[in-house]
2 protein chains.
Amino acid sequence: MREHISGQYDAELSAVRSHVMEMGGVVEVLLKEAGEALLHFDAELAESAIARDHEVNQLEILIDDECNHIIARRQPTASDLRLIMSVVKTITDLERIGDEASRIAKMAMQLSGMERDRDPAPELRAMSSGVREMLRSALDAFARVDLRAAVDVIARDKEIDRHYDALIERLVPAMEERPDQIRPMLNLIWCGRSLERIGDHAKNVSEYVVYLGKGQDVRHQPLSRKREQAAD
Amino acid sequence: MREHISGQYDAELSAVRSHVMEMGGVVEVLLKEAGEALLHFDAELAESAIARDHEVNQLEILIDDECNHIIARRQPTASDLRLIMSVVKTITDLERIGDEASRIAKMAMQLSGMERDRDPAPELRAMSSGVREMLRSALDAFARVDLRAAVDVIARDKEIDRHYDALIERLVPAMEERPDQIRPMLNLIWCGRSLERIGDHAKNVSEYVVYLGKGQDVRHQPLSRKREQAAD
């Protein structure tokens, strides 16, 4: 009997883990589609991305439910509880990455009238691939509870911020020069802003990985301290 | 002995509640200072606001710890567990309101060179007072587990969005007309964006109140459905 229950419990925990990876996978596809829709002004891809956001939301609700169930019915050990609490926080950030990616897709639809061959902004291209790599690595780090990889993701967020600053520094003078292009350029800035936020969320997920592995809350600490925590 | 433990447990639960209200109170002050710093281009108030963000972060970590402790050591009943899980989510949104308000304060510092008597934008004034009321009401609804009040806060988010749209619709033509003023006007748009996000976070807090009271997850549902849930 005890073995039977513990088998069920293990199955529940592994269902939670795999649902998080599934949710992460859907968010990755959403983000890929939104990024490509933006870079190629492709309205069809944008629509496909937006439609996926519903799936992300449903997975968030499902996983939250599963976590509540486990806490209420089982008596999770300290380390299982860390997993559950990391999951509860991680899915909030994944859901918000989905939201931001949907915003980008909506902007891409507005921009879809523009010539397809024009690169909207090299900084957006760099940011889009950068945050996709961050998310990919954050999810991998989560799956393997790999603290060093998690801290590397945290460190990469600064690159995204630099591309964002470069985007603003290039587009503001461009707007001053071509006031008739302010609206589309503002749309590009919004996309940059959303990508920058996606970087923040991927960083948050990585911080939960450190908590999951070490039981240490490293949010709001300098990067050097996070590295020490991960290396200990 | 059992009574002693249950007394401690009650004390722990009420400490969590009161820390959430304390955190909410600090975020309210931060938001008030940031909003006034923006409306009066007041660098001193902006600095005071920014300094408060640290306190918000510390409270978030403390409350997360308390929640983990309760789940790990006590066996919370279903309704206590709903409280704990609502708290864990609420403090994430409160922390992010603190972040957005700090961003506004930083923008206010950049704008502090401007003439103090000029109203930067009537829409920002409306948004600033609107989101402060939303946050106030969301925290009240949380403290009293008042579902109707919570749904009213959710409904108010649309007002904030309307002011934000009006801000953009006024500032874009103004930028087209005065390209030399693009930078400061962009800063005002950033502030509008942050206020709009703060409205979203206050709405999230209110959705957790409905979950807390009803055990129903109303996120991602239309407003009419949320009203039904709250009224049942």
**Report entry** Check on A:Arg125, on the phi < 0 side of the Ramachandran plot, open to solvent by 20 Å² or more (accessible area, probe 1.4 Å), within 14 Å of chain B (Cβ to nearest Cβ) and not in a loop (DSSP other than H, G, I, E, B)
**Finding:** no
Query raised in the report: A:Asp42: touching a residue at least 40 places away in the same chain (Cβ under 8 Å) and either within 14 Å of chain B (Cβ to nearest Cβ) or crowded, with 23+ Cβ neighbours inside 10 Å (or both), yes or no?
Result: no
Query raised in the report: Would you say A:Leu111 is away from chain B (no Cβ under 12 Å), buried (at least 23 other Cβ atoms within 10 Å of the Cβ) and not basic (Lys, Arg)?
Result: no
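Each row is one residue, and each column tells you yes or no for (1) open to solvent by 10 Å² or more (accessible area, probe 1.4 Å); (2) over 25 Å from B:Glu33 (Cα atoms); (3) not in a helix (DSSP H, G or I).
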site	(1), (2), (3)
B:Ala51	yes, no, no
B:Ile71	yes, yes, no
B:Asp80	yes, yes, no
B:Ser102	no, no, no
B:Arg132	yes, no, no
B:Leu135	no, no, no
Query raised in the report: Do any residues in segment A:74-100 that are modelled with pLDDT of 95 or more have Cβ atoms under 7 Å from those of residues that are among the hydroxyl-bearing types (Ser, Thr, Tyr), where the two are at least six apart or on different chains, and which pairs are they?
Result: A:Ser86/A:Tyr208; A:Ser86/A:Tyr211; A:Lys89/A:Tyr208; A:Lys89/B:Thr92; A:Thr90/A:Tyr208; A:Thr92/B:Thr92; A:Glu100/A:Ser194
Query - Condition check for B:Leu62: under 19 Å from the mean Cα position of the chain (by Cα) and surrounded by fewer than 20 Cβ atoms within 10 Å (Cβ to Cβ) - result: yes
Report task. Identify all residues within segment B:208-231 that are open to solvent by 70 Å² or more (accessible area, probe 1.4 Å) and not in a helix (DSSP H, G or I); write none if there are none. Result -> B:Gln216, B:His220, B:Pro222
Query raised in the report: Does segment B:175-197 contain any residue that is at the interface with chain A (Cβ under 10 Å from one of its Cβ atoms), within 10 Å of the chain's Cα centre (by Cα) and open to solvent by 30 Å² or more (accessible area, probe 1.4 Å)?
Result: no
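The values are calculated or read from the model by the stated rules, or taken from the named source; none is laboratory data. Everything quoted here is computed from the prediction, not taken from an experiment. Glycine gets a Cβ as well: all are built from the backbone with ideal geometry, and neighbour counts include every protein chain shown. Just the protein is used for accessible areas: all its heavy atoms, side chains included, with ligands, DNA and RNA removed. Shrake-Rupley method; radii C 1.70, N 1.55, O 1.52, S 1.80 Å.
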